[in-house]
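Colleague: Sharing a structure below in structure tokens format, with a few things to ask.
Every number in this text was worked out from the coordinates using simple rules, so none of it is lab data. Owing to the predicted nature of the structure, the values given are computational and were not obtained by experimental measurement. Note that we place each Cβ from the backbone using ideal geometry, even for glycine, and neighbour counts take in every protein chain shown.
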Amino acid sequence: MKIGEAPNELMKIVEITGRHNKWRTTETLNLIPSENVMSPLAEAVYFTDMMHRYAEGKPRKRYYQGLPYVDEIEELAMDLMSRLFKVKFVDLRPVSGTVANAATFRVLAPPGGKAVVAPVQAGAHVSHTKFGTLGALGIKHIEMPFDRENMNVDVDKASKLIEEVKPDFIVMGGSLYLFPHPLKELAEVAHSVGAKVVYDAAHVLGLIAGKRWRDPFDAGADVVTSSTHKTFPGPQGGVILSNNEEVFKEISRTVFPWFVSNHHLHRLPATAVTALEMIYFGEQYADQIIRNARAFAEALHEEGLDVVGEHLGFTRSHQVVLNVRKYGGGAKIAQLLEEANIIVNKNLLPEDPPEAVKDPSGIRTGVQEMTRYGMKEDDFREIARFFRKVIVDKKDPKEVAKEVSEFRKEFMKIHYTFDVDVDKIPSLYKIPYIVL
Ligand SMILES: *Cc1c(COP(=O)(O)O)cnc(C)c1O
């Protein structure tokens, strides 16, 4: 059958997928802080037969046959993660960060137990709240007080709260995350009342890998949960790390069979490749992210935009956040930027009431993906000019879109990976890259 003779829907599927690929990987600037791209090397080992297979349980203790190579790869991936994060125990089976949190929280507190978590205003993720995973598990959600001046947890008040409440565990780490949470200070208090400490590194795992963010274990975390696809530029997935054998074993027994049966095996070789890339290039990569975020924030400020956290130096992470209320709010500006081929997301700012979620004051950006495509400080200064044209000068976003795509063409190659000929890797399943 010629492709023209196939059902219309087939062409449509191919065409829509191709359009997405072309637009998002060659024409737009992606500044969503929770996303990234894998290297061609990681992709080459991602599209494999492993995506079709089942493997319940742990390596060499499976409920299925046919898995000797999967066992080997999973062990290797765990070893590399363990080396990278200098941690004893690794579980790569959670299929997302939320699932990693669910398994961890379930073990650290029974239903009816108590968790003291970083405030939503300081960036806590929905899974840390009664509206998300904590709520689903029936664990009581108690929020640490927020210090508006420092845009962070109020350490003194939070310490008192933890001493009073004596929770089963505390959670720190967040999604709108410009400045590190006071993990060390509060871990000490938590341990003094017998509470465990969870650090959710979803956004900053790549910065930790590159030693540009404090090692959460040094600061007292008992368990680190994370996604593997934000600043850590691997396939979408989750991970749990710990040095506490007893706690880890119990969490691991909970991952399967409570929260995951099959763990999407094609993630494993791609995660292993990414861990290896971070072992070799992680420091350069994280260093450039930090420089780019700072340069981007300063440039946006110089272009006349209201960058959040000015008095605190704007940012210490990969994120830069803008208050765009006076230009019509986050929803409107995110839409205009999308029309200009710049992809960001609208976000609640600390001063917004919770009911403003549909039209918050902020937009949240992250520099990690464009850094991976090789962008440096000057390139982010150029991006800041695009922002000004759209937001302040109110230029036609369609016109700016053309300039953006032209600029984007210079950055097609993924950096911070091994310079090997990927086409030589025999890949069984490589979805053709369709450019229409
Ligand atoms: C993204 C995120 C998660 C959830 O990760 P998924 O992989 O999307 O389930 C958990 N915690 C924080 C802080 C996050 O930002």
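Colleague: How do the peptides 9-21, 130-142, 340-352 rank, highest first, by the average count of neighbouring beta carbon atoms within 10 Å per residue?
Modeller: Details: 9-21: 12.2, 130-142: 17.6, 340-352: 21.0.
Top to bottom by mean Cβ count within 10 Å: 340-352, 130-142, 9-21.
Colleague: Taking each full run of DSSP H in the chain as one helix, which ones are at least 20 Å long along their axis (Cα atoms) and have mean Kyte-Doolittle hydropathy of at least -0.5?
Modeller: On the way: long enough: 8-22 (21 Å, -0.78); 68-85 (26 Å, 0.16); 267-302 (43 Å, 0.01); 377-391 (21 Å, -0.53).
Long hydrophobic helices here: 68-85, 267-302.
Colleague: Expressed as a whole percent, how much of the Cα-Cα distance distribution for the chain exceeds 42 Å?
Modeller: Here the tail beyond 42 Å accounts for 15 percent of pairs.
Colleague: Just tell me which lysines come within less than 21 Å, Cα to Cα, of LYS211; anything on the same chain fewer than 8 places away is out.
Modeller: By straight Cα distance, LYS211 reaches LYS86, LYS88, LYS184, LYS230, LYS376.
Colleague: Could you point to the residue in VAL223, TRP258, PHE89 farthest towards the positive end of the chain's charge dipole, with +1 and -1 charges on the Cβ of Lys/Arg and Asp/Glu respectively?
Modeller: With unit charges placed on the Cβ atoms, the residue in question is TRP258.
Colleague: In the chain, with Lys and Arg counted as +1 and Asp and Glu as -1 at Cβ, which of these residues, GLN284, THR26, ALA136, has the Cα nearest the positive end of the dipole, that is, farthest along it?
Modeller: Positive-most Cα among the choices belongs to ALA136.
Colleague: Determine the percent antiparallel among the DSSP beta bridges restricted to the chain, to the nearest 5. Provide the component values of the computation, followed by the final result.
Modeller: Values: 21 of 37 bridges.
In the chain, approximately 55 percent of DSSP beta bridges are antiparallel ones.
Colleague: Same structure, new question: Give me the net charge for the shell around GLU246: Cβ to Cβ below 14 angstrom, other residues only, Lys and Arg +1, Asp and Glu -1. Please list the in-between numbers first.
Modeller: On the way: positive: LYS88, LYS196, LYS249, ARG253; negative: ASP222, GLU245, GLU250.
Charge balance in the 14 Å sphere: +1.
Colleague: Which aspartates and glutamates does LYS160 reach when only Cα atoms under 19 Å apart count, and residues fewer than 8 places away in its own chain are ignored?
Modeller: Partners found: GLU143, ASP147, ASP168, GLU185, GLU188.
Colleague: Still on this structure: What ranking do MET278, MET51, MET172, MET151 get, fewest neighbouring Cβ atoms within 10 angstrom at the top?
Modeller: By the 10 Å Cβ count, ascending: MET51, MET151, MET278, MET172.
Colleague: How big is the dipole moment of the range 282-408 about its Cα centre under a simple scheme where the beta carbon of each Lys and Arg is +1, that of each Asp and Glu is -1, and everything else is neutral? Debye, nearest 20, please.
Modeller: Rounded to the nearest 20 debye, it is 180 debye.
Colleague: Placing +1 at every Lys and Arg Cβ and -1 at every Asp and Glu Cβ, with all other atoms neutral, what dipole size does the range 44-275 have around its Cα centre, in debye to the nearest 20?
Modeller: 360 debye
Colleague: May I ask for the distance between the Cα centers of the range 206-230 and the range 361-386, given as a whole number of Å?
Modeller: Taking the Cα centre of the range 361-386 as reference, the centre of the range 206-230 is 23 Å away.
Colleague: Above 19 Å lies some portion of the pair distances; for the range 282-408, what is it as a whole percent of all C-alpha pairs?
Modeller: 46 percent
Colleague: Based on alpha-carbon centroids, what's the gap between the range 80-100 and the range 4-33 in Å, whole number please?
Modeller: After rounding, the separation between the Cα centres reads 32 Å.
Colleague: Take every DSSP beta bridge with both residues inside the range 44-275 and express the antiparallel ones as a percent of the total, to the nearest 5.
Modeller: Looking only at bridges with both residues in the range 44-275, the antiparallel portion is about 45 percent.
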